[in-house]
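Encoded as structure tokens, the structure appears first; notes follow it.
The values are calculated or read from the model by the stated rules, or taken from the named source; none is laboratory data. Remember, it's a predicted structure, so these values are computed and weren't measured experimentally. Every residue, glycine as well, gets a Cβ built from its backbone with ideal geometry; the counts of neighbours run over all protein chains shown. To get the accessible areas, we keep the full protein, side chains included, count just its heavy atoms, and leave off ligands, DNA and RNA. Shrake-Rupley method; radii C 1.70, N 1.55, O 1.52, S 1.80 Å.
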Amino acid sequence: MAEKIAADVAYDTHNEKQHSPDLTETAGRNASVALNLVENPLKRSSPEQAVIDARNFAESHGMPEHAELFGKAALVARDPGRFETVTSLNEPERQALAYERDHKWHGPKMLWYSISLCAIGAATQGWDQTGSNGANLSFPEEFGIAGKGKDEWIVGLINAIIFLTAGLIGAFIVDPLNHYFGRRGEIFITALCLTACPIGSGFAKSWQGLFAARFVLGIGIGAKNATVPIYSAEMAPARIRGALVMFWQLWVVAGIFLGFCANVIVKDTGRIAWRLQLGSAFIPSFILGCGIWFCPESPRWLMKHNRHAQGFKSMMVLRAHPIIAARDFYYSNVIYEEELKETHGAGYFSRLWDCFAVPRIRRANYGASTVMIAQQMCGINIISFYSSTIFENVGYTATQALYASLGYGAIQVTFPLMCIFLLAAGLSLLEKHGTKGEKIGPVVLFVYLFTICYSLGEGPVAFQYSAEVFPTIQREQGMAWAVCINNTFAGILSLTFPRMQTVMTPTGAFGFYAALNLIAWFMIFCFVRETKQLTLEEIDQVFSIPTKSFIGYEINVAVPYFIKSTILRRKIPKPPPIIEKGEKDDQDAILVG
């Protein structure tokens, strides 16, 4: 086998020398094709040195029995598109790599089990926020806070507190919880919190008791929201990680829908209906807590804590073949070592400061913060939190309002359309004449259309995008900040909307959020960068492009092309991308050669 690896090294070295003139020529051509290339650090050294480094890595981290495997994996990771040229691969390894290339969704059962469990973690988010939607129709009367003015602020605070504590407390305890308990342990602890607190909410004897239960619930939500997307992103292969965004959103929507279903199911239980509506949110969290112990720990978390042998063992159960596991794990480690060279400090606050001080990480922070705040600026959560109240205020009975909200949960590009539909819903609230159907129908229709647009665009993106754009070293701190932004603004929205309806009228409130959609659209345009089918480690290089250059490209290249090709329907050549994977150079060189 050593002879085969030596032959691979000799072949690759010869091939690089043979094609060096073409590579130069191709690089010149690609300068007009891609403005920036995502660099593979393994290309900096010779194939021979890559094999030596990989074998040393295995031997120095307690995996000498896998030294040969890592040597081959280094050659595959060095040039993934040409793994057929690695002659030291045996036939099962070659077939496994070819099958992976040709079957995007191929993966072992444990990968899909773990990702599915993370999806249940997403469902807890939807269910937690919709339980209070139905409860808003009755708990204010139960506690004597159904009036105007001060009572509106109290109701808003009870609804908002889970998001305020999620953003301001829960998000920032993620790092110590992850450090001491791991990704799995942290998810288990937060699942316990999210199981106990809804039950506690259902047994509250005063609005102050309900407030206290939801205060603690919010801490669990914040910690869970920051960790589950990271855990999912760190397990998923690069080729499907983006598609899993929709899987995550599907389960957020499923949680919202199931929460509305629970609201309807218990609506006829009398005075305890709101208690059951709030308490039912324990169901997905209980499943999450029970199921997480059968999942492997995140390989990247184990690697980060210098437990490489355990990390590779974990990666083995998450990939379809040892050669795939070795390739992904070794490449992750190579990039992690690169990140360590740029780290300003190892402490919590040093890593948090890096998210604002280090240019590449700061740009990633811009993108994550933008999608998080845009999710609240779009106004979707005024529907999630208060749809039953909104529908009741325009003429539905309490029961009809619950069924209308159920329809909203079932239907869960897009910011301009969201602006139009939300504004239309607000204007429809001005209709005071005609039958009940004529008054209510347009409001419900435009709310549904607004929600469809949200679920096609902003809805799936925010949490998964934020979980993947930060380097391994700063991932907990970056995600904590992003979750803080998202939940704090969700809390502000939930707190202010009851009073906003009174002061600004429902139409004015809807119009306000319609305008914010346009602002959010502009922010997305300026700060959110494409990360499609890049590894978590390569994504960091996407943000090496200065913000000024990125915005300049969007305005001067991307927008004119969109207008000419899509709106004016002209047949024009596609402009050069702002970034491209570096491996394309080698593939083009092979074609030229």
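Quick notes
- Close pairs (7 angstrom Cβ cut-off, 6 or more residues apart or separate chains): farther than 17 Å from Pro299 by Cβ and among the aromatic types (Phe, Trp, Tyr) in the stretch 177-193, in a helix (DSSP H, G or I) and open to solvent by less than 30 Å² (accessible area, probe 1.4 Å) anywhere: Phe188/Gly289; Phe188/Ile292
- Matching residues, the stretch 486-496, being surrounded by fewer than 24 Cβ atoms within 10 Å (Cβ to Cβ) and hydrophobic (A, V, I, L, M, F, W, C): Phe489, Ile492, Leu495
- Flag for Arg271 being open to solvent by 60 Å² or more (accessible area, probe 1.4 Å), modelled with pLDDT under 95 and assigned to a helix (DSSP H, G or I): yes
- Filter pass, Ala425 being open to solvent by less than 50 Å² (accessible area, probe 1.4 Å), at pLDDT below 75 and within 24 Å of Gly156 (Cα to Cα): yes
- Scanning the stretch 481-501 for residues that are more than 28 Å from Cys355 (Cβ to Cβ) and either at pLDDT below 80 or within 17 Å of the chain's Cα centre (by Cα) (or both) yields a total of 3.
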